[in-house]
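The values are calculated or read from the model by the stated rules, or taken from the named source; none is laboratory data. Computed from a predicted structure; not experimentally measured. With ideal geometry, Cβ positions are generated from the backbone for all residues, glycine too; neighbour counts draw on all protein chains shown.
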Ligand SMILES: Cc1cc2nc3c(=O)[nH]c(=O)nc-3n(C[C@H](O)[C@H](O)[C@H](O)COP(=O)(O)O)c2cc1C
């Protein structure tokens, strides 16, 4: 297995702390703000569907992978069930220059899992293995000179979009000697916990990283993440292949809790998801977090986020700005008059609206 930036981070810091992939949440502006203020080691994109990328005539789906140098190392997450499409999308992501490609084998949403993708792959471990192999093959083929033109299901519109992104985000031509890592994020079982039988199928394929969310598909997001199972799984994976980086995930609230999980359960690091909503500072160690809270105005950051959102996706009407509103509501949690402020913010249609509301409440 190749030496990776994951091992470098681990050697330097003793743990890896990352922003978890979240569909509809961890888009380009959210990742930019999270990374700027939270300085986590690694960020994951929202997932994108390989069948959608290969079959759709629209390149907009690639917007999920927008990033610039400040977001590195950037892990692009993909999902689907067709190994050949995974292979070709791996070539595309290599060409884009991402640092890692993560395969989603954990999404419980019926729109994903009922089609055999996401967490449904736990029930079809041979297909899961073929998918990992397909991504690894795509990466290797790209290293050997393959381009998008060699991929029969990637239309020329995707090359056009990719070139435009390179210019917009000032991304250099990707270096074929620096290959993205291939990793998997999964859950501990389908109906029942089955990590000890499921994980060896993944380990066999030698992914660089496995992230385990301590819930089953059936649990979706209910109950508590089972860190005992995550701990046992860390031991198992390390016994089978000590080179694989093993991350735990589920219900971690801040840096110190991540540190405690690493100590108690033997994981190499942790991904934090929901605790970061409106709180980019949860990734900072306590002292820095306190300084942050004393010196930074979270509403100024909310406005910066809204402005970046508008610059990225447009604003000025409900249609474009709607997905930003939930972030605004999260920023407003826990402050005096939260309900009043929130109800105004969730009706905003632009960064200008947000600025007016925040000024009217003397928050900026
Ligand atoms: C809104 C939302 C969207 C999510 N989308 C994804 C996704 O695209 N890919 C993925 O692997 N996990 C996704 N997840 C799962 C999270 O990455 C994470 O595994 C889960 O929320 C548990 O971690 P947490 O307790 O720190 O939030 C999503 C979770 C939420 C709440």
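Restricted to helices (runs of 4 or more DSSP H) entirely inside the stretch 279-364, those with at least 1 residues that are under 27 Å from residue 251 (Cα atoms) are 286-295, 298-313, 318-331, 338-345. Just so you know, in the stretch 282-301 the residues that are touching a residue at least 40 places away in the same chain (Cβ under 8 Å) and within 18 Å of residue 13 (Cβ to Cβ) include one that is surrounded by the fewest Cβ atoms within 10 Å (Cβ to Cβ), and it is 284. Taking the conditions exactly as written (over 18 Å from residue 22 (Cβ atoms), within 13 Å of the ligand (Cβ to nearest atom) and assigned by TED's automatic domain parsing to the domain that holds residue 11), does residue 210 satisfy them or not? Criteria met by residue 210. Suppose we keep only residues that are out of contact with any strand residue (DSSP E or B) (no Cβ under 6 Å at 6 or more places or on another chain) and within 28 Å of residue 97 (Cα to Cα) within the stretch 177-200. Which one would you say is surrounded by the fewest Cβ atoms within 10 Å (Cβ to Cβ)? Selected residue: 177. Filtering the stretch 45-57 for residues that are in a loop (DSSP other than H, G, I, E, B), within 26 Å of residue 299 (Cβ to Cβ) and in contact (Cβ under 8 Å) with a residue 40 or more places away in the chain leaves an empty set.
If you go through the stretch 197-233 and keep only what is in contact with a helix residue (DSSP H, G or I) (Cβ under 8 Å, 6 or more places away or on another chain), under 23 Å from residue 131 (Cα atoms) and in a helix (DSSP H, G or I), you end up with 198, 199, 200, 201, 202, 203, 204, 233.
For beta carbons closer than 8 Å, sequence separation of 6+ or different chains, a first residue in the stretch 138-159 that is on the phi > 0 side of the Ramachandran plot and a second that is exposed (fewer than 14 other Cβ atoms within 10 Å of the Cβ), the qualifying pairs are 145/176.
Any residue in the stretch 219-233 that is in contact (Cβ under 8 Å) with a residue 40 or more places away in the chain and either more than 16 Å from the ligand (Cβ to nearest atom) or over 22 Å from the mean Cα position of the chain (by Cα) (or both)? Yes, some residue in the stretch 219-233 is in contact (Cβ under 8 Å) with a residue 40 or more places away in the chain and either more than 16 Å from the ligand (Cβ to nearest atom) or over 22 Å from the mean Cα position of the chain (by Cα) (or both).
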